[in-house]
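S.K.: Below is one structure. I have some questions about it.
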Amino acid sequence: MGMSLTEKTIRDHLVSGEMKPGEEIALRIDQTLTQDVTGTMAFLQFEALGVPRVHTKLSVSYVDHNMLQTGFESADDHRYLQSAASKYGAYFSRPGNGICHQVHLERFGVPGQTLIGSDSHTPTCGGLGMLGIGAGGLDVAAAMAAYPFYITMPRATLVRLTGELGPWVSAKDVILEVLRRLSVKGGVGRVMEYGGPGVASLSVPERATVTNMGAELGATSSIFPSDSRTREFLGAQSREDVWLELAADADAEYDDVLEIELGTLEPLVAQPYSPDRVAPAAELAGTKLSQVCIGSCTNSSYRDMMAVAAILEGKQVHPEVSLTISPGSRQVLQMLSEKGAVATLVAAGARILEASCGPCIGMGQAPPSGGATLRSFNRNFQGRCGTKDAPTYLAGVEACAASALAGEIVDPRTLGEPVRVLEPDAFIVDDAMVIPPSDRPDEVEIMRGPNIAPVPMRGPLADQIRGQVLLVAGDDVTTDDIMPAGAQILPLRSNIPAISQHVFSRQDPGFAERALREGGGFIVGRANYGQGSSREHAALAPMALGVQAVLARSFARIHHANLVNFGILPLRMPGTAPVSQGDELEMGSVRAALEAARPLSVTNLTNGKTFEATYDLTPRQSKILLAGGLLNYIREGGADAASA
């Protein structure tokens, strides 16, 4: 039996474990990326490991999120990151060079290599045939220090593409169709591997749009083969020397197969407030809009931006719509300028933002109260845009541009003859804003601003845990719900005591105060707790507030790993467990239960009832929890860097 591309890549990087779905495996990591929201803490954690130099083939520290500098905090973080990268051996992508995933695709991604990043959309580089996986910052720091990266061996789902996309249908519609069919839980424990004859019709930037939003499926990663289209893209980036042909074996077997005939797709839109609430654009036509935002790591490539310019040329944005454009990289912005597209966009009434994440992460451009916003982004969780009551829709750039002209959602097919954008034979290559690490690291001084606080840690896991149920939440709690983003909160990411005051602040403004008053306690959720972003602060900040355990029916992959890394028990509770906010819970013999891999007995002291809580923990993860977190575990010699 042949092997899938997923299996081949894992086989070539396997450090330990068996390649059986559900088994824990350890992978050698070739590359890492961090961005400024998660990167400051990741580099502080790298320093705490006491390793003098990065050990990967390549590590890049990007600045692309905290660009709205309303105070000194973000600028201080950027200065710290630049000095830390220089000293410890990472490349530094300066503010203005672009969004990490777009730049990494352009300048650093290598087919067949492994990449982990402290951002959930790291699988973007799967568009190149790279196995990219989102992770918490501490896992990235450990990989930079030569420790292997641990995951559960994923299942592989083949998404078999046939045919070609029709007029006005884009790669965004491919991934929206997958989300429509499978939901935000449909990729959990899986790598989505794209194959079939339809793959050849998609360019690398189009493939990257698909792999980027695979994160919204809950997938471990998404990957395309590396073929002649990959070679063309890398050649245009003056990087053909890293190209390698990669594909699944002809007789590879998959756990599941999803068939998509590209020619049958139509323009699609994700409705508020989930990426899988997908409907045809034609059905939503007429929905009034206050704002349209085009860009983000999903749809900010040269091809996307040129398509928008072609649609807007000679026309005017609707007077009641604010249209913003965020190019994905400095390269894209330079090429738009060279082609005259920037002038076209400005003449049409678009607002040109810098090459950064911007509105996608809530850094500016919040829509008006109740005003609907249509975005070419990857997430539309409630409040993520900065305005809680603003209905947020997602679509491809063609639908976004057409709707900006009309002032309402429209099916772009009503525009007539479709625009056609050819990929350039050569991109502008100018890496002047990527700073290599110092060859004299001993002379580099680490620059620390007053907002940069030490990495918080907790002691070993207690044998008896008692506390109050601080919050009872519902299904699909996102990391945006737990640890909100936005211009007021993101600059505090390097100061855990300060940012912890905002945990669950949009759902329950009194949560942080209550947690501190009660000396910590428990959080109760339901299905898919912690979906969305990789932000480890959604575990780190609750840990700082004294949260001991989260009890839920199921957890999103990255958040589950982050809870373990920071010593918070991720426990599965039965749906019938009698628990209410304010109840007092007690768990005894916790350490002995974890050591014996048996369920924990939980007593609700308020109502006198008892239930069992189970968990999905490997023996290694149990040891990490017993130590009080991954940093403690590594410092105590629990992990062997040499094995990587």
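Just so you know, all these numbers are worked out from the coordinates, no wet-lab data involved. Source: prediction; values computed, not measured. So basically every Cβ, Gly included, is an ideal-geometry build from the backbone, and we count neighbours across all protein chains shown.
S.K.: Please compute one quarter of the surface area of the Cα convex hull for the range 551-638 and express it in square nanometres.
M.R.: So the Cα hull casts an average projection of 5.9 nm².
S.K.: Now a separate question. Suppose we look only past 20 Å in the calculated P(r) of the range 507-571. What percent of the Cα-Cα pairs does that tail hold? List each step's numbers first, then the result.
M.R.: Details: 414 of 2080 pairs.
It works out to 20 percent of all Cα pairs.
S.K.: For the range 160-178 and the range 445-515, what is the separation of their C-alpha centers, rounded to whole Å?
M.R.: Going from one Cα centre to the other spans 39 Å.
S.K.: Can you give me the pair-distance distribution of the range 101-171, C-alpha pairs, 10 Å bins, whole percents?
M.R.: For the range 101-171, the pair-distance distribution reads 17, 40, 30, 9, 3.
S.K.: Quick one: order 273, 194 by neighbouring beta-carbon count within 10 Å, fewest to most.
M.R.: Least to most surrounded, the residues fall as 273, 194.
S.K.: Let me ask something else about it. Which order, highest average first, do 323-330, 503-510 follow once you tally other Cβ atoms within 10 Å for each residue and take the mean per peptide?
M.R.: 323-330, 503-510
S.K.: Give me a comma-separated list of calculated 3J(HN,Hα) values for the range 254-264, in order, Karplus coefficients 6.51, -1.76, 1.60 applied at θ = phi - 60°, integers in Hz, x for any Gly or Pro.
M.R.: Per residue, the Karplus-derived 3J(HN,Hα) values read 10, 6, 8, 10, 10, 9, 10, 8, 4, x, 8 Hz.
S.K.: If you don't mind, another one. What percent do you get for the relative contact order of the range 65-198 when only Cα pairs under 8 Å and 6+ apart count?
M.R.: For the range 65-198, the relative contact order is 16 percent.
S.K.: So how strong a dipole does the chain carry about its Cα centre when Lys and Arg Cβ are +1 and Asp and Glu Cβ are -1, to the nearest 20 debye?
M.R.: 1160
S.K.: Then there's this: Report, by chain and number, residues whose modeled amide H sits under 5 Å from the one on residue 569, excluding near sequence neighbours (fewer than 5 apart, same chain).
M.R.: Placed amide hydrogens put 549, 550 under 5 Å from residue 569.
S.K.: Let me ask something else about it. In whole angstrom, how long is each semi-axis of the equivalent ellipsoid of the range 99-139, when you take the square root of 5 times every eigenvalue of its Cα gyration tensor and sort them from largest down?
M.R.: 16, 11, 7
S.K.: Once amide H atoms are built 1.01 Å from N in the peptide plane, which residues 5 or more positions from residue 610, or in another chain, come under 5 Å H to H?
M.R.: Here 604 satisfy the definition.
S.K.: Over the Cα atoms of the range 465-643, what Rg and Dmax result, in angstrom?
M.R.: Just the Cα atoms of the range 465-643 yield Rg and Dmax of 15.7, 51 Å.
S.K.: Gap in Å between the Cα centre of the range 254-311 and the Cα centre of the range 187-223?
M.R.: 15
S.K.: For residue 99, which sequence-distant residues (separation of 5 or more, or a different chain) have an amide H within less than 5 Å of its own amide H, given hydrogens modelled in the peptide plane?
M.R.: Those lying under 5 Å, H to H, from residue 99 are 329.
S.K.: Right, next: Checking the cross-link filter: which aspartates and glutamates have an alpha carbon closer than 16 Å to that of residue 172, excluding same-chain neighbours under 8 positions apart?
M.R.: Once the sequence-local aspartates and glutamates are set aside, what remains near residue 172 is 164, 206, 216, 261, 266, 276, 304, 398, 411.
S.K.: Please order 29, 435, 634 by the number of other Cβ within 10 Å, starting at the fewest. Walk me through the numbers on the way to the answer.
M.R.: Values: 29 29, 435 17, 634 24.
So the residues, fewest neighbours to most, are 435, 634, 29.
S.K.: Further question: Over the chain, what relative contact order in percent results from Cα pairs under 8 Å that are six or more residues apart?
M.R.: About 15 percent, as a whole number.
S.K.: Quick check: from the Cα gyration tensor, does the range 361-452 come out rounded (a/c under 1.5), prolate or oblate?
M.R.: Verdict is oblate for the range 361-452.
S.K.: For the chain, give me the percentage of DSSP beta bridges that are antiparallel, rounded to the nearest 5 percent.
M.R.: DSSP beta bridges in the chain are roughly 35 percent antiparallel.
S.K.: Then there's this: Alpha carbon centre of the range 568-639 versus the range 25-68: separation in Å?
M.R.: 30
S.K.: Out of all Cα-Cα pairs in the chain, roughly what percent, to the nearest whole number, are more than 51 Å apart?
M.R.: Here the long-distance tail beyond 51 Å is 6 percent of all Cα pairs in the chain.
S.K.: Among 20/185; 288/339; 8/87, which pairs are too far apart, with a Cα-Cα distance over 24 Å?
M.R.: 288/339; 8/87
S.K.: How much mean residue ellipticity at 222 nm does the chain get from its helices, if each DSSP H run of length 4 or more adds -39500 (n - 2.57) and you divide by all residues, to the nearest 500 deg cm²/dmol?
M.R.: Values: 21 runs with 182 residues, N = 644.
Mean residue ellipticity, 222 nm, calculated: -8000 deg cm²/dmol.
S.K.: Read phi for every residue in the range 285-290 and hand back ³J(HN,Hα) as whole Hz from Karplus 6.51 cos²θ - 1.76 cosθ + 1.60, θ = phi - 60°, with x for Gly and Pro.
M.R.: 4, x, 5, 5, 10, 9
S.K.: Next question, about the same structure. Arrange the following residues from fewest to most other Cβ atoms within 10 Å of their Cβ: 337, 120.
M.R.: So the residues, fewest neighbours to most, are 337, 120.
S.K.: Explain nothing, just compute: Karplus ³J(HN,Hα) = 6.51 cos²θ - 1.76 cosθ + 1.60, θ = phi - 60°, for every residue of the range 90-98 in order, whole Hz, x for Gly and Pro.
M.R.: Per residue, the Karplus-derived 3J(HN,Hα) values read 10, 7, 10, 8, 5, x, x, 7, x Hz.
S.K.: Please compute, for the alpha-carbon atoms of the range 261-304, the extent along each of the three principal axes and give them in descending order in Å.
M.R.: So the extents along the principal axes, rounded to whole Å, are 34, 29, 19.
S.K.: Can you tell me which of 461-468, 147-154, 440-447 comes out highest on packing, and rank the rest after it, using the mean Cβ neighbours within 10 Å?
M.R.: Going by the mean number of other Cβ atoms within 10 Å, highest first, we get 147-154, 461-468, 440-447.
S.K.: If I take all pairs of Cα atoms in the range 5-264, what percentage of them are more than 28 Å from each other? Don't jump to the answer; show the numbers that get you there.
M.R.: Details: 10947 of 33670 pairs.
Above the 28 Å cut-off, the range 5-264 has 33 percent of its Cα pairs.
S.K.: Given contacts defined as C-alpha pairs under 8 Å and at least six residues apart, what's the relative contact order of the range 5-264, whole-number percent?
M.R.: 22
S.K.: Under 18 Å Cα to Cα from residue 388, which aspartates and glutamates show up? Leave out anything in the same chain fewer than 8 places away.
M.R.: Here the aspartates and glutamates satisfying the reach criterion relative to residue 388 are 476, 480, 481, 508.
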